[in-house]
Amino acid sequence: MLLAGFTLLGANAENGKRLLVSIGIVAAVIAARYAIVGVVRLVTGEKPNERVVFWTRQGASLATAVLAAAALASVWFENSGRLATVVGFIGAGLAFALQKVVTAFAGYLVILRGKTFTVGDRITMGGVRGDVVALTFLQTRIMEMGEPPSAQPGDNPSWINARQYTGRIVTVTNDKVFEEPVFNYTREFPFMWEEISIPISYKGNRRRAEELLLNAANDATAAFRDTAASARGRLEEKYFIDLETLEPKVYYNLTDNWVELHVRFVTPVRGVRAIKDEMQRRLLDDFEAAGIEIASGTYAIVEFPPLRLAPDVASALTHGREAK
C-alpha cells in the first residue's frame, strides 16, 4: 500500500479488514466480561456477596482472555503450522524475558488449583501477615496486620504489637508460593490456640490461681467452643489427624524465681486481642481479691551485711580522727 510515495509494509485491504475484526473481537470480549459480572451483581441483590462477585470476575477475566487470544490467532494466522511456529518463538522469548511474570502467573494458577487461599482469608505470605483483599493474575494484595513482638521479624518490625490492622495494603507477587511457606489461618480451621502466662511465687496459692485461670478462660471461650468443635471434627475427618482438646487447660513451668502458669485456650482467628484483654482485666481483679500476688523481677534489700575493715585501714582512720 502506497502512502505519500512510501510503501507501507503489510498495510493492505485484507490486513485492514482483519484489524477491524480484531478490534471488534476485543470490544465484544470486554463487554461480555462486564455483562457477566453485572448479571451476578444483579442476581445477588442490593448487598452482593463480594466473594462470589470476585471469583466471577476472576473466572470471566481468565475465560475471556483465552477466548480473545484464540479468536485473534484464528483471524491473523490461517496456517496452523505458521501459528505454531510463531507461538513457539513468542513463548520462548517471553519465558526468558519475563521469568518473574511467568512464575507469578504460574503461582496464581497454583493458588486457584490448590485452594491455597481466597479473598477474605487471613494469611502470611512473603513475610506479610493480614487479610487478602484482592487477588490478580500476578499479585496478591493484603491488608497488613501487626504481630506480637516475639513474632515480628528483626528487619521489618511493625509498630502494632498485636494482631490488628496497621492500615497498610501490601502487594505481594504470586511467585512467593514457590519460595516460602504460605500460612493460612482461616481456610480449614478458623480458630487458633492462644496462651496467657502468669508468674506467681512458690509460696502463692497455686491451686487457687489455676482455678481462676480456668474460670476466666472457660467464660471467655464458651460462646464459640461448640462451633470450634464442629470445625475440629471436619478437619480431623478430612486430614486424619487428632487435635488436642478444645477445653482450656493450665500448664506449669518451674523457673529459678517463680512458678509460671500457662493457660491454653482456643479462640477465633479474629478478635484475639479483645478476648485476651477481657481475660487479663478479670484476672487482675480475681488475683487481687484472692490475695495472690503476681511475681515480678524486682528485688528488695532487707539487710546490709556487717562491714569489716582491714587493720591498716582502721588504723589510718583512727589516726586521722586524732589528728583533727
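Residue separation times 0.36 nm, minus the C-alpha to C-alpha distance between Asn257 and Val102: what's the value?
Values: separation 155, 0.36 × 155 = 55.80 nm, distance 5.69 nm.
Taking Asn257 through Val102 to full extension adds about 50.1 nm, to one decimal.
Loop-only check: which chymotrypsin sites (Phe, Trp or Tyr not before Pro) in the stretch 170-250 are DSSP coil with at most 15 other Cβ within 10 angstrom?
Working: sites: Phe178, Phe183, Tyr185, Phe191, Trp193, Tyr202, Phe224, Tyr239, Phe240; in loops: Tyr185, Tyr202, Phe224, Phe240.
In loop regions of the stretch 170-250 (DSSP not H, G, I, E or B), the sparsely surrounded chymotrypsin sites (Phe, Trp or Tyr not before Pro) are Tyr202, Phe240.
Please give the net charge around Ile25, taking every other residue with its beta carbon less than 14 angstrom from that of Ile25, where Lys and Arg add +1 and Asp and Glu add -1. Before the final figure, lay out each step's value.
Numbers: positive: Lys17, Arg18, Arg33; negative: none.
Net charge in that neighbourhood comes out at +3.
Rg and Dmax in Å for the stretch 122-184, alpha carbons only: what are they?
Both quantities, over Cα of the stretch 122-184: 11.3, 34 Å.
So how much slack lies between Val43 and Val110, counting 0.36 nm per residue of separation and subtracting their Cα-Cα distance, in nm?
Working: separation 67, 0.36 × 67 = 24.12 nm, distance 2.97 nm.
Residue separation times 0.36 nm, minus the Cα-Cα distance, leaves 21.2 nm.
Using Cα-Cα distances under 8 Å and only pairs 6 or more residues apart, what relative contact order does the stretch 122-184 have, in percent?
Numbers: 116 pairs, mean separation 24.2, N = 63.
It comes to 38 percent, rounded to a whole number.
Readers should treat all values here as calculations from the given coordinates under stated rules, not as data from a laboratory. Just so it is clear, the model here is predicted, and its values are computed rather than measured. Here Cβ is always computed from backbone atoms with ideal geometry, including for glycine, and neighbour counts include all displayed protein chains.
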